[in-house]
Each structure stands twice: as structure tokens, then as C-alpha cells.
1. Kindly list the number of the only condition in (1) part of a helix (DSSP H, G or I); (2) free of Cβ contacts under 8 Å to residues at least 40 places away in the same chain that fails for LEU595.
2. When you scan region 30-53, do you find a residue that is more than 32 Å from the chain's Cα centre (by Cα) and at pLDDT 85 or above, even just one?
3. For region 328-378, what are the residues that are among the aromatic types (Phe, Trp, Tyr) and either buried (at least 23 other Cβ atoms within 10 Å of the Cβ) or at pLDDT below 75 (or both)?
4. Would you mind stating whether VAL602 is over 30 Å from HIS442 (Cα atoms), out of contact with any helix residue (DSSP H, G or I) (no Cβ under 6 Å at 6 or more places or on another chain) and buried (at least 17 other Cβ atoms within 10 Å of the Cβ)?
5. Taking the condition of being touching a Ser or Thr at 6+ places or on another chain (Cβ under 8 Å) and either in a helix (DSSP H, G or I) or not assigned by TED's automatic domain parsing to the domain that holds ILE644 (or both), how many residues in region 572-587 meet it?
6. If ASP399 satisfies every condition in (1) surrounded by fewer than 22 Cβ atoms within 10 Å (Cβ to Cβ); (2) touching a helix residue (DSSP H, G or I) at 6+ places or on another chain (Cβ under 6 Å) but one, which is the exception?
7. Report, ordered by the first and then the second residue, all pairs with beta carbons closer than 6 Å, sequence separation of six or more or different chains, a first member in region 215-231 that is surrounded by 14 or more Cβ atoms within 10 Å (Cβ to Cβ), and a second member that is among the small types (Gly, Ala, Ser).
8. Among (1) touching a residue at least 60 places away in the same chain (Cβ under 8 Å); (2) farther than 30 Å from THR673 by Cα; (3) surrounded by fewer than 23 Cβ atoms within 10 Å (Cβ to Cβ), there is one condition GLU393 misses while meeting the rest; what is its number?
Amino acid sequence: MRVETLPNAVSPVVSAAAPSGKARLKIVHETKGRLRVKMPILGLPGLDTEHLARVLRGTPEVRTVRINPGAMSVVFEFTGGRATRYRILDRLSCLTRDQMRFRAPDEDTRPSAVPLFKRAALLAALPVLPPTVGRVLAIATIAPRVLRGARSLVSEGITVEVLDALAVSLGALQGRFGTAVTTDFMMETGEYLEESTIRHSGALLQDLLMPNPEHAWIERDGHAVEVPFSEVRKGDRVVVQTGELVPVDGVVCGGAAQINQASITGESLPETKTVGDMIIAGSLVESGSLKIIAEQVGSDTTTAQIAAMIRESLEKRSTTEKRAERHANRQVYMTLGLGAATLLWTRDVRRLSSVFLVDYACPIKLSAPVAIRATMSEAVARGILIKGGPSIEKLAEVDTFVFDKTGTLTRGELAVTDVISLKLRGWSKARLLALAASLEEHSQHPLAHAIVAEAKARDTGHCDHGDVIFDVGHGLRAEVSGKEVLIGSRHFLENREGVDFTPHEAVLDRLTDEGKMALFIAVGGKPAGLIGLRDELRDDANETAARLRASGVKRLVMLTGDRRARAEGFGETLGFDTVHADLRPEDKARILAELQERGHKVAFVGDGINDAPALAQAHVGFSMSQGADIAQATSDITLMDDRISAVADAREASDRAMQIIRTNTNLALGINTGLFIAASAGTLSPVAAAVAHNGSTFGLLLYALSRAGVPAKRTKPVTLSEM
């Protein structure tokens, strides 16, 4: 890394030779927790600075990033001390064009401040300009707004734009050109701030995803070759170095690296990836290098599919948004009516102009989309992909949550809970576990993986044995020390092999009551031991249930194909209202339909292929991050971070969004009613009316933007006993 330090830098950085192709940078200024760096690469034409800032904010412990392309500088605010400082500098030095997004000349839709400066300059110059010149310039300045109002009147009827045009026109017709320009300036300022706020709420959501790189390095004939990203194919061995984005979904076949997957899962802590690990496109290699066998490329990658979902979600408008717009449009006629009444009562055109500058429409119409988009963007940052405003609205109305047990409330992985010796001479718990693991290590069954993992954790050692014979679906057998060993289900050992376990019914009943399954072991035709296993609850399952109750959810329901005794053990632990066990896949959608017929608003959380019908049936469907593709496609919300507490996060965020919309609507009605009264009474001039109305509208939008999102992480978990 090559770093240069200017004379006024507080703390110099040790210079080092820059590798070929790495970015040059200079530390311009530095204080504790703040760093300003100058980089020529930031001055590239068309650079999407908002997107780049989002990429850089993915660096662990970085709080804010501000880029000034004109000065070719970037300012970081961070925590974590010198370790974070060096991480930032290393990240910047590895910055390449492939990690940046560039806008086409006609793509920049950011609101421009130029019209504001022109109007401000005209207002400053009006007192010294010749009257004729001043009038001409004033008319030219307000003309676009008047013409926009006229076009709106012809094409759409009475709208807010018509009221704005009337307000500035009345001032000009009375010869008060300064007032007309000032009013226009205030309205332009309000529109600029409102447009910036709305754009920011949508841009946050779009910028949470990493872009596809322009090029990728693949291995050919033992050498890394750079090719266009579009030419990468399944099966290619892709090489990714420090500071680069992973361009494909695949399996690591070489190297080791620290990976940041914050843009996909919401998890900001780096994760180590080595040979055999799965990796997803959009991940950032913070240190090390990897060689990856590409399994999904281009539009099939996880990142590309999420990007498509986000683009689709931005186009979905909730019923609340549509209702707010209709309500706002109706308020325009109220403004016209109040204006007409004011003119008839007072004969004062100036008061009429003030009334026309106050309307309910803007704050009511704009608060809903700002709150919805801000909620979606904050949710994605926490690993929750909400597919559009309608999902937020429906989730806030849900009164019943239905969970598929396996893989959602539980980890979806069996774990050994009990090793029980049945007192057969020479077979202790440790030896039984070593025996089972030595035989089961030849099997690919999840139960076998759990036993082998437990034996390794206890370091039980290995038992010598003869050939292992598998009876598919039942168990296995092998010879150990001259005796036949049988391991499998009770049906296999009792009904087929004649080993009687009835003397041990009390132990078996206990395992069943605790929601555990049993693996039976016999040696020499006699019962030797039992191994209890269970798919353990997730650590955050209890907290999630309690938080859903606290948010107003009335019923919690569990669905599972497990036997009833085992399922009810889980249900009792979590405090669920209803547990449906011994289910077939098609039963899930039927149960949801029955709940809906009784008037319940139902959310369903699942992860498997057989959950797809239930996800489609529910008012709101949640799919887990490791769920089947069809489950994620039919769900309304996808949990990219593998934690069940994200369900409660999404519910609380939706409740907050709807509360913001209701609060802003009530505040808008109250504030603007007061402004109407003041304008009609003549105590509010047109300029003051414009300032008050646009200021209050902008304030409400800022409130929506700042308050929306996922509630902060709790320092103390909620428990059922606290409710």
C-alpha cells in the first residue's frame, strides 16, 4: 500500500510501495475517529458517489462516509481505533474501477440546486435592477411554474401544481414581483428538499447491493486470465484477491480469506472462508485470496436475484400509499374552496395567495412512500428483504403467526442430547458413543453426522469393526469383537431382529416426553444402549415468540410432521397456542386457509419446497435464508440472515412504519389547518405561508426518514415472563 501524508496531517502513515494497479491516496487531515483522504480516482467522470459511499460503509466499524468528487476526497467517521484506521486505508488502496458504479450522462436524476441559486441571485439583484428588467426577469423565473400548473389543469384537472401556479400568478398580477419570486423561491426550495429526501429513501435501498464487476479473473491453463464479467461460465475457476468483490456463487476450491457479506446477509462481522465452503456473489474479500468453482453466474447469482426483487419491490405501492395520494388529491379541492371563501369574505387577493400556498396534499402524499422505503432499506441492512410496500402494510395487520418447526424455530440439524447405557457389561456411555460413531461415519444420514460430531467433541476414540452392512431406511449391522452389533430404529431391532427393549420403556417415555428421538443399539442380541437426539431450538426462538406477543400478535401456531409428543414439547417451551403434528405437506396450506376463514390475518414462516403452497396461501410469507428457491420465490419477506429473531424485527419495523404514517397524517392535518386559519385571517403573508408550509412538510419527511426502520438491537432480551 502506498500512502502519502500532507504536511498538516495529524498522524503520518508509514509509506509503503504500492502494488501495481492499486489506488493512490493521501491523508489530508486526521483526528481521533475521523479521517479525510484524497484520491484521484474519486474524480472520475460520472462516478456514482452515493453507491461508492455505501460500499465503503460496509467496512467494519465505519459509521459514516462522505465523498466530495470535486475535491477528490472522502471523509470517514469510525470507531475501533488504529485497527479500523488501517483497515480503511487498506480498503481504499485496493479500490478499483470494477468496484465502482458509473452513471450515463442522462442517468443522473439527482435534484439540482442550480434553480435555487438563480432565484436567490435574482432576489438579491431586484432592488438595484431597472424596473422593466426586473419585471421581465421575474416573469421569466415564475413562468415554468405557471406553465406547469396550466398543463396540469388541462391534463389532470385541479392539482397542487394548479394551486402553486395561482399563488405566484396572483402576486405578479398585482405588481408584487418581488413577492412572486420569493414565493416561487420558497416553493422551489421545498420541492428540492422533498425530492432529495424521497430520493434518498429509495437510493438507500438500491445501494445496499454490490454491483457486478466489469471484469473477473479466471484460471486457464494454470494462469489467471482477466475476462469480461459476461463471459464467466459455470464451472470456471474464479480467482478473487483482497479488496475485490466475489462475482459468482460457488464453492471455494483453493485459498483462504476473510469475507464481508454485509451487503447480502446484513452481518457486518467478517467470516473466514476456506476450501469446501460455499460463497455468494457480492461478498467482499477483506484479506487473503480465494479460488472459487462457479456454480451460479450472471443473473442466476444470489445478489442478482435479490437485486431483481428490490427493483420489483420499489414499484409495488401499498394500499396506504395509494389511499394517501387519493386523500391528498381530495384536499386540493378543500384548498380551492377555502380560497374562494376567503376572497368572497375579505376581497383580499393577498390573503387568497397565502391560502393557495398552504395545502394538505404534499405532507400526506409524501410521508407514506418515504416511511415505506426507509423501512425497506433499513430492513435490508439487517438482512431482511421485504418485497414491496404491500408486505409492510399486511404484516402490520397480522394477528396470527404460523411457524413450520424444522429449520425455522429449530436449527434444522440434529444434535446428540443423551447417551444412555443399558448396563450391558463392558459397554459404558463413552464406549457406546465411540461404537455408534465408528459405524455411522460410513453413512451420509443427518443422524449419523450428529453422532460422529458428538464423538469427536468428546474425543471418544475409534472402535475396530468388520464390514458395515446397511439396511436402508432401518439401520446397520457390523461385527465388533466377535459379536454382531445392530444400530437403528426400534422397529428394526425389535420386529426384525428380535431384540426386546420393553424393559426400558420408562427411559424411552422420558425421551419421547422431552421431544427427542431415540437410536437403539444392541450387542450380541441384547439391548446395550440408547442415543437421544433432537433438533434443538434456535437460541433466539423464545425471545422471538415473546417479542411477537408484545407487538400485538394474538396466536402463535406450530406446524410439523413430527410426532405429537415431540412437537408439543417444543410448543410448551415456546408458549405456543396451538401445535399441529403428524402433518403431511399438503396439510399446511389447509390449516392456514381454516385460520383465514375464521377471520385471522396470518403470517407463515417456512423454508422447504413443501412450504411453498402455505407461503402463497398466507397473507404474509417469510422464507429463511437457507430455504429452498421456490420457498423464497413465493414468500413476501426473505430472511437473508439466518436468525429467527428477524421475524420479530420485521413485524416491529412494519408497526413502526404504519405508526409514522398515521402520526404524520394527523400532524399534517393539524399544522396546515392552523396555517389556513392564519392565512385567511391575514396574519400570514404569501412568503411566510410558503416558508411555514414547505418547512413543516420537510420536517415531517425528515421525521419519517429518521424514525422508520428496524428497532435497535436489544441489550436485554424480552421473555414471556415480562409480558
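1. Status for LEU595: all satisfied but (2).
2. Scanning region 30-53 turns up at least one residue that is more than 32 Å from the chain's Cα centre (by Cα) and at pLDDT 85 or above.
3. TYR333, PHE356, TYR360, listed by residue number.
4. no
5. Number satisfying all stated conditions: 0.
6. Evaluating ASP399 over (1) surrounded by fewer than 22 Cβ atoms within 10 Å (Cβ to Cβ); (2) touching a helix residue (DSSP H, G or I) at 6+ places or on another chain (Cβ under 6 Å) leaves (2) as the failure.
7. TRP217/ALA224; PHE229/ALA216
8. (2)
The values are calculated or read from the model by the stated rules, or taken from the named source; none is laboratory data. Every value quoted in this text rests on a predicted model; they were computed, and no experiment measured them. Cβ atoms come from the backbone with ideal geometry, glycine included; neighbour counts cover every protein chain shown.
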